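Chemist: I am attaching a structure below and will ask some questions about it afterwards.
The values are calculated or read from the model by the stated rules, or taken from the named source; none is laboratory data. All values derive from a computational prediction rather than experimental measurement. For neighbour counting, all protein chains shown are included, and Cβ atoms are generated from backbone atoms with ideal geometry for every residue, glycine included. Ligands, DNA and RNA are stripped out before the accessible areas are found, and what is left, the full protein with its side chains, is counted by its heavy atoms. Shrake-Rupley method; radii C 1.70, N 1.55, O 1.52, S 1.80 Å.
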Amino acid sequence: MPTAIPEVARKAAFAVTASAVLLTAACTGQSGSGATDDPSKDTTINFWHAWSAPNEVKAVKSLVAGFEHAHPNIHVNIVGNMTDDKINQALRAGGDRAPDVISSFTTNNVGRFCSSGALVDLNPFFDKSGIDPGKTFPKPMNEYTRFHGNRCTAPLLGDAYGLYYNKTAFAKAGIAHPPKTWSEFTEDAKKLTVRQGDGYKQLGFMPDYHGWESTTEHYLGQFSPTYFDKNGKSNLAEDPAFEKGFTLQKKLVDELGGFRRLEKFRATLGDEWGPKHPFHTGQVAMQLDGEWRLGMVEEAKPDFEVGVAPLPVPDDQADQYGKGYITGTVAGIAATSHKQNAAWELVKYMTTNTDAVVGFANDIHNVPSTLAALKSPKLKYDPRFKTFLDIAANPHSTTSPASVNGGVYLVTIQQLGYDYESGKLTDLKAGLKKAAAQIDTDIAQAQ
């Protein structure tokens with residue numbers, strides 16, 4: 001996944017992906033258990049990926065070079081900077097130039113990849129290789145790479161979300177340690193806030209859902225919600241975790257100055273991906289963000305000490321402190337490929353070979369995606385980065401589940417959040433019920 005444009009790029013990708021792009025992809029392909037090519041013969045496969053930054057492209061080439069050294073008979077043609085739309089078009093078309101192996105930043109599209117048959121079920125391949133995904137990958141990564149029993153993708157590095165905080169501001173405010181519960185967090189955010197006119201000299205935390213990475217799913221991940229019931233219906237109005245999550249965020253908005261004041265201040269702040277990010281400049285004292293932010297903060301050279309910790313948890317889940325929201329890049333095999341066994345050798349190497357995963361993680365500064373790699377002594381990282389490794393390995397960490405229509409349900413939930421935080425919606429329970437009904441309707445129409 002990109003070191004600079006992770007979740008935002010994923011959201012853009014699933015938002016623009018047409019609902020039907022994957023529907024014909026599997027028609028001409030073989031099933032995973034029916035692959036007939038001989039991976040010991042000399043062959044060439046195509047690998048399409050989305051990385052584009054020079055250091056990332058170099059890292060992918062190094063990863064593939066390691067594979068080709070271990071499998072000298074399998075040659076890999078690498079095609080980079082491929083969006084999900086371009087990949088989907090190629091998966092439908094097939095042919096010698098189409099990808100045999102793909103990687104995508106859009107975990108939200110796994111449901112579409114699996115349900116349409118665009119990517120083959122990898123379960124037979126894992127079984128054939130004697131690999132147990134449940135014992136190989138962290139629980140959230142194991143979950144977001146499958147849909148209704150179909151494991152059509154495997155995790156290829158990940159992102160973990162935690163809390164960045166300004167240690168200098170903490171000391172000045174008399175705060176001894178990062179907050180572990182949302183109650184502590186709320187109080188600390190207020191202590192760290194210094195108002196100036198109708199704005200802020202320093203804001204403890206930007207709680208608005210438009211505030212960079214403070215999306216509904218990232219907040220809600222700390223409440224461990226169950227998005228769908230056993231029948232696949234939206235659980236939005238039934239699981240109290242959702243109401244608690246929305247209520248917590250609205251309380252933060254109200255107690256830190258109100259939606260309009262916060263939005264007016266946010267409009268004056270720097271870009272999320274530039275050196276003037278408000279956490280870098282000290283304008284915001286705490287930031288919900290992913291592991292990639294650490295490198296960006298260091299490049300910005302702030303005039304304060306930066307601390308990293310897990311995000312807070314609800315007061316009644318204090319024993320689960322240390323968990324976080326997890327997402328990442330996924331890899332899969334095209335159903336149109338006639339070289340699926342050779343393709344599996346590449347997918348298996350990239351996603352389960354400990355040294356390969358560790359090397360790739362070191363090169364692009366993302367979280368390793370196997371339990372063994374997370375513990376590897378070969379990992380190279382800033383000591384603060386270990387927070388994200390621990391979050392990824394935490395059994396209580398969460399993710400958002402795959403859906404047949406991709407991340408449409410997350411867009412619906414995000415809109416509910418926008419309406420509630422702004423005051424447009426005042427009856428949260430009614431809003432949750434309406435949003436749940438919309439989610440169910442959208443899923444029914446996509447099936």
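Chemist: State the number of residues belonging to the range 136-159 that are of a type in the set (A, V, I, L, M, F, W, C), at negative phi and touching a Pro at 6+ places or on another chain (Cβ under 7 Å).
Modeler: Looking only at that region, the number is 2.
Chemist: Determine which single condition Glu184 fails, assuming it passes every other condition in (1) touching a strand residue (DSSP E or B) at 6+ places or on another chain (Cβ under 9 Å); (2) touching a residue at least 24 places away in the same chain (Cβ under 8 Å); (3) surrounded by fewer than 23 Cβ atoms within 10 Å (Cβ to Cβ).
Modeler: Of everything listed in (1) touching a strand residue (DSSP E or B) at 6+ places or on another chain (Cβ under 9 Å); (2) touching a residue at least 24 places away in the same chain (Cβ under 8 Å); (3) surrounded by fewer than 23 Cβ atoms within 10 Å (Cβ to Cβ), Glu184 misses just condition (1).
Chemist: Quick one: would you say Lys386 is of a type in the set (D, E, K, R), over 16 Å from the mean Cα position of the chain (by Cα) and either open to solvent by less than 20 Å² (accessible area, probe 1.4 Å) or more than 21 Å from Arg293 (Cα to Cα) (or both)?
Modeler: no
Chemist: Now for a different question. Taking Ala435, is it over 30 Å from Asp229 (Cβ atoms), touching a residue at least 40 places away in the same chain (Cβ under 8 Å) and either open to solvent by less than 30 Å² (accessible area, probe 1.4 Å) or touching a Cys at 6+ places or on another chain (Cβ under 8 Å) (or both)?
Modeler: So Ala435 does not fit the description; no.
Chemist: Let me spell it out: the conditions are (1) free of Cβ contacts under 8 Å to residues at least 12 places away in the same chain; (2) over 20 Å from the mean Cα position of the chain (by Cα), and Val101 meets all of them except one. Which number is the exception?
Modeler: Just one mismatch for Val101, condition (1).
Chemist: Write out, first by first residue and then by second, each pair whose Cβ atoms fall under 9 Å of each other, whose residues are 6+ apart or on separate chains, and whose first residue, in the range 405-426, is on the phi > 0 side of the Ramachandran plot while the second is β-branched (Val, Ile, Thr).
Modeler: Qualifying pairs under 9 Å: Gly406/Thr17; Gly406/Thr106; Gly406/Val110.
Chemist: Going by what's in this entry, would Thr281 be described as closer than 25 Å to Gly423 by Cα, among the hydroxyl-bearing types (Ser, Thr, Tyr) and open to solvent by 10 Å² or more (accessible area, probe 1.4 Å)?
Modeler: no
Chemist: When you go through Asn55, Asn77, Asn46, Asn123 one by one, which is the residue that is crowded, with 18+ Cβ neighbours inside 10 Å and among the polar types (S, T, N, Q)?
Modeler: Step by step, each of Asn55, Asn77, Asn46, Asn123 is checked, and only Asn46 is crowded, with 18+ Cβ neighbours inside 10 Å and among the polar types (S, T, N, Q).
Chemist: Would the range 179-188 turn up any residue that is in contact with a Pro (Cβ under 6 Å, 6 or more places away or on another chain) and among the polar types (S, T, N, Q)?
Modeler: There is at least one residue in the range 179-188 that is in contact with a Pro (Cβ under 6 Å, 6 or more places away or on another chain) and among the polar types (S, T, N, Q).
Chemist: OK, next. Restricting the search to the range 136-163, which residues are open to solvent by 10 Å² or more (accessible area, probe 1.4 Å), assigned to a helix (DSSP H, G or I) and not polar (S, T, N, Q)?
Modeler: Lys139, Glu143
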